[in-house]
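The values are calculated or read from the model by the stated rules, or taken from the named source; none is laboratory data. Since this is a predicted model, take the numbers as computed values, not measurements. In this analysis, Cβ positions are derived from the backbone assuming ideal geometry, glycine residues included, and neighbour counts consider all displayed protein chains.
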2 protein chains.
Amino acid sequence: MQRILSTELPAHVGTTVTIAGWVHRRRLLKSVAFLIVRDAAGLSQVVVTEPGPRAAIEALSEETVVEVTAEVTANAAAPAGVELTTPSVRVLSSAPPVPLPFELHRPALGAGLATQLDHAALALRHPTRATALRVAAAAAAGFRATLEAQRFVEIHTPKIVGTATESGATVFTLDYFGRPAYLAQSPQFYKQLMVGVFERVYEVGPVFRAEPHDTSRHLAQYTSLDAELGFVTDHRDVMAVLTTVVAGMTATVAERTGIAVPPVPSEIPAVHFSEALRIAGAPADEPDLAPAHERALGEWARREHGSDFVFVTGYPMAKRPFYTHPQPSDPRWSNSFDLLFRGLELTTGGQRLHRYEDYLAVAPDPGAIAGYLDGFKYGMPPHGGFAIGLERFVARLLEASNVREVTAFPRDLHRVTP
Amino acid sequence: MQRILSTELPAHVGTTVTIAGWVHRRRLLKSVAFLIVRDAAGLSQVVVTEPGPRAAIEALSEETVVEVTAEVTANAAAPAGVELTTPSVRVLSSAPPVPLPFELHRPALGAGLATQLDHAALALRHPTRATALRVAAAAAAGFRATLEAQRFVEIHTPKIVGTATESGATVFTLDYFGRPAYLAQSPQFYKQLMVGVFERVYEVGPVFRAEPHDTSRHLAQYTSLDAELGFVTDHRDVMAVLTTVVAGMTATVAERTGIAVPPVPSEIPAVHFSEALRIAGAPADEPDLAPAHERALGEWARREHGSDFVFVTGYPMAKRPFYTHPQPSDPRWSNSFDLLFRGLELTTGGQRLHRYEDYLAVAPDPGAIAGYLDGFKYGMPPHGGFAIGLERFVARLLEASNVREVTAFPRDLHRVTP
């Protein structure tokens, strides 16, 4: 018999159907037993009153995979108003009759994060953990769809690179057929070079950071949502695209998962770094924004503009990577920006240098990145771009306290399995 | 003035517009000069008759980035029936006045593959190379859209893994905070574990192979299109999904790029391995199909079924990875398949083992992959999946002789830059 999903049951009241999924919970009362079956779509309640089926259900352990053929019966008290009655239950795949390391049927996972991560294949089955990954999938889909509609082309770039350069992040070294190579900390150079081919490009892919930070925000591998576009006037063209992207991501998340998302203004408020320091009450000679300053800016944007988002532009050149384009009117500042979401940095971007001679003048070691700089010899338009860390975006949207809670199999200083 | 694209010119005849792009070619005749400007959408022909503008154009070098404001004039002899007249040309970004390593305006790139790869940022601007990457982008989009429509969920899995196991491919070793770790040769284990969460999952991401093969088909990094689905009866359910995926990929390629694609039958012909040997004229005890056998099968499928595609099923267990599910009726054979496209293997897939005890029985070193096998303790439904190498798919579709011709920045035994 054709299997249907838990969410399709209400349309089948009065008929006999087959569902399949995992034994999520059993409630063995005196006169009746309830078997809650979980599939990818949700939960189904199976009601057992006959002694034979009851004995079968008593023998099942949690997470056993079962197929249930039963009648769909309306019951206002049951989840979604339906339950399955007079069932026959077939075991598709048994789970060992030993206690699970933690229970999945409670609203919140009781186990600590380390235990969850040790048993990720089980923990991710919990609805809160699974939902976070669905939010990530929806956010990535929204990112792609928004950019495709603006004629961005998807690219796939090397994750193994010959030189350990760029923004100064610490990289992983590997043995590449007997010589050293490095894991790419970002597709920065490649997406810039591809502006020379397609004008507008994006990539969704893993990036790698060997930073020994043991924090709630850092991962050794994360998914970077990168975009880069040519023929810009300056960083404001990049900010305009980013604004549509963030709106597309939140809209797709809301549409697919029903999660509440903040509105994204069609024009996100923007303040120059020098003004941001004043708003945050910081000394005028501070070289960067501290977390407390970012929080103050978030509160200011909410109070003055009713916005959960605020752009800070013009960061000091001294604090930005060498490929950043200076602010033409005052080269102490840069044509770069951060986008803050609820007082936390969500993404960084800006206009890049586009002239070969400018790169030769500022690159710390032009010889080491000659293969990359060569691309700028051939004529590159003014361009810029941005990168969004997918896991950070999801963590902030869901207000998760640790990025590992929204990552399937996180990699960090201490963890390289499972 | 708002910039328009080369392909939008025919809609603007009689008006003054601005285009921008790269100096693709100049043709300096006696009484007239032609400037061909290339943008991401195509080519525009600019006609120069006045001495001042002509001198400006004579001074330009190829690949200089220019902005041209001019009148759109109908001319049946010009590309797309329009040309730009009485232009004013502004240089947005100059290219050094030295000869390029090869010319971009010829129908085929004259340079050898090694030279193209050395100057990839330039070579990829050639229409044939750029089109191949657009085909790859379209194929990936078709892959995702087809699976999303069948409720597959996108996942992102670790590319750094703790154990060098799985199908036996050679892996890259890296220094992971002072201890050895490995680059993932596939998301195989992770996509299987995620079937326990979402039932149906897919991933588009890089995979890494340290195989020292210096061939036209092997790369050290390629983009793998992976899918895995639970609650299957056997491998035939996986083949049915793969058939829709290949049809979705080719349809999206045709729609976006206009490239001619072969029809994908709604039911691709399938032959069992033992029958395939007979068709190919191979001895009945051959353990695998040689390239000549695959070609013979491709010819047979075309002749007997009018199909460019053919499935070979039931490969000997001895030749498949340990996680392959045996054929229940005869465990010498497996519930696996290859999909051949024009006589070449396009993708491999099959049903996997789903019981913990089965893995313990067959894994070469269960202890080394304990973190992965743990996931099977918790109840996994019968499942299977497949993986398509994106670059190989594109190479075969375009009949490129070397997979490097359709890869932006290939990585191989000899090449880790640019």
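Assorted remarks:
- Set B:Thr233, B:Thr252, B:Thr215, B:Thr244: member being under 30 Å from A:Val207 (Cα atoms), surrounded by fewer than 22 Cβ atoms within 10 Å (Cβ to Cβ) and not aromatic (Phe, Trp, Tyr): B:Thr215
- Contacts under 8 angstrom Cβ, first residue in region B:119-130 being more than 8 Å from chain A (Cβ to nearest Cβ), partner basic (Lys, Arg), 6 or more apart: B:Ala123/B:Arg129
- Checked against (1) among the aliphatic types (A, V, I, L, M); (2) under 23 Å from the mean Cα position of the chain (by Cα); (3) within 9 Å of chain B (Cβ to nearest Cβ), A:Leu174 passes all but a single condition, namely (2).
- Residue that is farther than 17 Å from A:Glu199 by Cα, away from chain A (no Cβ under 14 Å) and without any contact (Cβ under 8 Å) to a residue 40 or more places away in the chain, where the choices are B:Ala80, B:Ala56, B:Ala74: B:Ala56
- Condition check for A:Val207: buried (at least 16 other Cβ atoms within 10 Å of the Cβ) and under 27 Å from B:Ala20 (Cα atoms): no
- Residues within region A:397-408 that are modelled with pLDDT under 95 and either surrounded by 23 or more Cβ atoms within 10 Å (Cβ to Cβ) or part of a helix (DSSP H, G or I) (or both), tallied: 0
- When the residues of region A:193-218 are filtered to those that are within 14 Å of the chain's Cα centre (by Cα) and modelled with pLDDT under 95, the one that is nearest to the other protein chains (Cβ to nearest Cβ) is A:His218.
- Failed item in (1) buried (at least 19 other Cβ atoms within 10 Å of the Cβ); (2) in contact with a Lys or Arg (Cβ under 9 Å, 6 or more places away or on another chain); (3) away from chain A (no Cβ under 12 Å), with B:Val46 passing the rest: (2)
- Between B:Asp365, B:Asp412, the distinction of being touching a Leu at 6+ places or on another chain (Cβ under 9 Å), acidic (Asp, Glu) and either within 14 Å of chain A (Cβ to nearest Cβ) or more than 30 Å from B:Val261 (Cα to Cα) (or both) belongs to B:Asp412 only.
- Answer residue from region A:131-162, given it is buried (at least 20 other Cβ atoms within 10 Å of the Cβ) and among the hydroxyl-bearing types (Ser, Thr, Tyr) and is farthest from the other protein chains (Cβ to nearest Cβ) among those: A:Thr146
- Residue tally, condition closer than 16 Å to B:Gly314 by Cα and in contact (Cβ under 8 Å) with a residue 60 or more places away in the chain, over region B:237-258: 3
- If the condition is being closer than 20 Å to A:Ala387 by Cβ, among the small types (Gly, Ala, Ser) and out of contact with any strand residue (DSSP E or B) (no Cβ under 8 Å at 6 or more places or on another chain), then region A:124-138 contributes only A:Ala138.
- The one condition in (1) within 14 Å of chain A (Cβ to nearest Cβ); (2) free of Cβ contacts under 8 Å to residues at least 40 places away in the same chain; (3) surrounded by 17 or more Cβ atoms within 10 Å (Cβ to Cβ) that B:Arg352 fails to fulfil: (2)
- Flag for A:Ala111 being within 30 Å of A:Ala56 (Cβ to Cβ), among the hydrophobic types (A, V, I, L, M, F, W, C) and free of Cβ contacts under 8 Å to residues at least 24 places away in the same chain: yes
- Total residues in region B:8-44 satisfying the condition of being of a type outside the set (Gly, Ala, Ser), under 32 Å from the mean Cα position of the chain (by Cα) and closer than 18 Å to B:Arg90 by Cα: the figure is 10.
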